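Below: the structure, in structure tokens.
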Amino acid sequence: MISVDTLKVEFGVKPLFHDASFVINERDRIALVGKNGAGKSTLLKILCGKQKPTSGTVAIPHDTTIGYLPQVMAIQDDTTVRDETRKAFADHIRMREHLDEMQRQLAEREDYESDAYTALVTKFTQEHDRYQMLGAGNDEAELERTLMGLGFTRDDLNRPTSEFSGGWRMRIELAKILLQRPDVLLLDEPTNHLDIESIQWLEQFLATSSSAVVLVSHDRAFINNVTNRTLEISCGQIIDYKVKYDQYVVLRAERREQQLRAYENQQKEIADIKDFIERFRYKPTKAVQVQSRIKQLAKIVPIEVDEVDNKAMHLKFPPCLRSGDFPVICEDVRKAYGAHTVFDRVTFTIRRGEKVAFVGKNGEGKSTLVKCIMGEIPFDGHLKIGHNVQIGYFAQNQAQLLDGSKTVYDTIDYVAKGDIRHRINDILGAFMFGGENSEKKVSVLSGGERSRLAIIRLLLEPVNLLILDEPTNHLDMPSKEVLKEAIKAFDGTAIIVSHDREFLDGLVTKVYEFGGGAVKEHLGGIYDFLRHHHIDSLNLLGTSSPVAPAASIPAEEEPSAAKQNYIERREQQKRIRKVEKEVKASEAKIEAMEKRLSELDAILCTPEGASDMQLVTEYTSTKKALDEEVVRWEEVAMQLEEMQNPSN
């Protein structure tokens, strides 16, 4: 379907990757993996024709359609959700208009016996059949099914897109791409703005889609559930693993061990050759051998080993003025868009030094309240920012706001003050912007690189109130840990909007839950909050009944105990699901064998069948297998009942 041959891309002295060759076949499900900045987003842009490689070819058949979802895209705000999504059916709409025009001509013309009329009837029939084959008559139903699968309600469909956050508008763009049913889907971090229900729906959609899929994602479970092949960008090469991500991780570890052994052997060989050259360089009798060794050394191609960054970088926010005792005070704050109320009567006070989390399902107003606090949008009620408060703000689109014309170094140098300017290169190196990467223009950075750069900027600004709106969306695990440790060591106040419970664990001491137009305060850590809701994930909020605010937990052991309870419960649920699958599989086998026995009964009742010893043997063996399977079904069914009702 798509053939890539000897592809090379370079932005500086060292190529991003080179000699890359692979083929994307029909119904391939490919995970594109590699470190941030390795070139994943760049490769997707090349595959869809939005960027040209330095050299090499990408061969795509003329009739192949490609749908591309980038990490960042321009989004229009001049229409409703339904009308914006309907743009996915532009070809169908043109076909419908053409059919209507031909139908009008057929109704007005009276030259029924002419060749031209016959040709028009034939063309109308062919076009109408093609229109029906494309399923264009079901466009509206498909549109609603897709949008609702991605988390919208039926009432949302006629609301203006301008009322929705950037994450929800990205869902609209994803819906448009999926509805176009392209031959190849290129998805760059599609799950960043999805909750668990929408991710599961997208998994099912991709599983049944006839499109080939190439995706970039940090969501390991999503990659494992969707893909069956892994392309890794590493050391300037693209390595093709014909396995799922989990199996790739194992194979990659083995490959790295082989790389290390080969690298060590090569280094020993190089050392031996250099030693020979140095010992006999000035001996005339060894001149030929020395020249031979010099040529041999020049021909050696250095073996590269995948870099594994095990460095622990600790950063602290620079000192800042002490803020007032109450940095944020909300009293009866209300925000509505027309008839739609986002939240009402929001009242709370955040004290100096507190680190709090805003949690809740997407669309419940977390980012909206942050914008109210920042003064970006109007609202009703009273919202007071305390004395001497200096805010450091990381928005979901913060990475997009960086100046693309500046270099990475200049972006940080602009905000760095005092002695910290002498450590800029060290800090950039810790966030994988070392060496020539610091001279890259911001405009060529990937989404993950831009997020890292925006966070470095934030870490260097003297602030006493941090407001972080989904700061971990594009961060890898090491970068998350650096940010988390910096916030834990931060002397000021922090408001963190996040779905990432592992990031919030041990970081926040108070949780504000957004839902149903209200904001409720819960004292304690994130695992206290989850325990009181009897859920395992922040994405499952809204599925259980609300509870009273949790009491503050002074002991440090309590959150870890709560976390342990959740881990045990999750493992138990996994075991139950496994046994449930065994029960269903056993029932399916029993049903199939009973059906076959009925068929054999009917055949053996005939004179011809009764004398067929092969059928008699099959009947006997099937009956025996059925009896054994029934016994097995009874065992697993009893086991499942005990697991589901442990107290009985």
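For the range 407-422: of the residues being of a type outside the set (D, E, K, R), in a helix (DSSP H, G or I) and at pLDDT 75 or above, which is surrounded by the fewest Cβ atoms within 10 Å (Cβ to Cβ)? Write out each step before concluding.
From the range 407-422, those of a type outside the set (D, E, K, R) are 407-409, 411-412, 414-416, 418, 420, 422; that's our starting set.
Then keep just the ones that are in a helix (DSSP H, G or I); that gives 408-409, 411-412, 414-415, 418, 420, 422.
Applying the additional criterion that residues be at pLDDT 75 or above yields 408-409, 411-412, 414-415.
Values: VAL408: 25, TYR409: 16, THR411: 24, ILE412: 24, TYR414: 11, VAL415: 15.
Taking the candidates together, the pick is TYR414.
Scanning the range 337-388 for residues that are open to solvent by less than 30 Å² (accessible area, probe 1.4 Å) and of a type in the set (A, V, I, L, M) yields a count of 9. PHE17 meets the conditions (1) of a type in the set (A, V, I, L, M, F, W, C); (2) farther than 21 Å from LEU143 by Cβ; (3) open to solvent by less than 20 Å² (accessible area, probe 1.4 Å); (4) at pLDDT 85 or above in every case but one. The failed one is (4). Quick check: is even one residue across the range 124-135 in contact (Cβ under 8 Å) with a residue 12 or more places away in the chain, within 30 Å of ILE377 (Cβ to Cβ) and not small (Gly, Ala, Ser)? Scanning the range 124-135 turns up no residue that is in contact (Cβ under 8 Å) with a residue 12 or more places away in the chain, within 30 Å of ILE377 (Cβ to Cβ) and not small (Gly, Ala, Ser). Is it the case that some residue within the range 52-59 is free of Cβ contacts under 8 Å to residues at least 12 places away in the same chain and open to solvent by less than 70 Å² (accessible area, probe 1.4 Å)? There is no residue in the range 52-59 that is free of Cβ contacts under 8 Å to residues at least 12 places away in the same chain and open to solvent by less than 70 Å² (accessible area, probe 1.4 Å). When ARG171, ARG159, ARG229 are checked against the criterion of being in contact (Cβ under 8 Å) with a residue 24 or more places away in the chain and closer than 18 Å to ARG27 by Cβ, ARG229 stands alone in meeting it. Number of residues in the range 573-612 that are open to solvent by less than 100 Å² (accessible area, probe 1.4 Å), farther than 26 Å from GLN639 by Cα and out of contact with any helix residue (DSSP H, G or I) (no Cβ under 7 Å at 6 or more places or on another chain) equals 7. When LYS624 is tested against the conditions (1) surrounded by 13 or more Cβ atoms within 10 Å (Cβ to Cβ); (2) more than 37 Å from the chain's Cα centre (by Cα); (3) at pLDDT 85 or above, the lone failure is (1).
Given the criteria of a type in the set (Phe, Trp, Tyr) and at pLDDT below 85, does PHE205 qualify?
On the way: of a type in the set (Phe, Trp, Tyr): yes; at pLDDT below 85: no.
No.
Contact map, the range 284-295: first residue under 15 Å from ASP272 (Cα atoms), second residue open to solvent by 100 Å² or more (accessible area, probe 1.4 Å) and at pLDDT 85 or above, Cβ cut-off under 9 Å, separation 6 or more or different chains; pairs are ARG293/LYS274. Note on the range 31-121: enclosed helices (runs of 4 or more DSSP H) holding 3 or more residues that are aliphatic (A, V, I, L, M) and under 25 Å from the mean Cα position of the chain (by Cα) are 40-47.
Say whether the condition of being more than 24 Å from the chain's Cα centre (by Cα), at pLDDT 70 or above, assigned to a helix (DSSP H, G or I) and under 30 Å from ASP426 (Cβ atoms) is met by at least one residue in the range 506-523. Within the range 506-523 (the criterion being more than 24 Å from the chain's Cα centre (by Cα), at pLDDT 70 or above, assigned to a helix (DSSP H, G or I) and under 30 Å from ASP426 (Cβ atoms)), the answer is no, since none of the residues qualifies.
Residues considered: VAL243, VAL301. Of these, the only one that is at negative phi, open to solvent by less than 50 Å² (accessible area, probe 1.4 Å) and assigned to a loop (DSSP other than H, G, I, E, B) is VAL243.
Look at the range 4-24: where a residue is aromatic (Phe, Trp, Tyr) and a partner is surrounded by fewer than 18 Cβ atoms within 10 Å (Cβ to Cβ) and part of a strand (DSSP E or B), sitting 6+ places away or on another chain with Cβ atoms under 6 Å, you get PHE22/ASP240. Is it fair to say ALA271 is at pLDDT 85 or above, more than 35 Å from the chain's Cα centre (by Cα) and surrounded by fewer than 16 Cβ atoms within 10 Å (Cβ to Cβ)? Judged against the criteria, ALA271 is a match.
Only a single item in (1) open to solvent by 60 Å² or more (accessible area, probe 1.4 Å); (2) in contact with a helix residue (DSSP H, G or I) (Cβ under 8 Å, 6 or more places away or on another chain); (3) basic (Lys, Arg) is not met by ARG145, and it is number (2). Of all residues in the range 304-336, those satisfying the criterion of being open to solvent by 70 Å² or more (accessible area, probe 1.4 Å), among the hydrophobic types (A, V, I, L, M, F, W, C) and modelled with pLDDT under 70 are VAL308, ALA312.
The values are calculated or read from the model by the stated rules, or taken from the named source; none is laboratory data. Computed from a prediction, not measured in an experiment: that's the story for all the values here. Glycine also receives a Cβ, built like all others from the backbone with ideal geometry; neighbour counts cover every protein chain displayed. Protein only, heavy atoms only, side chains kept; ligands, DNA and RNA dropped before computing areas. Shrake-Rupley method; radii C 1.70, N 1.55, O 1.52, S 1.80 Å.
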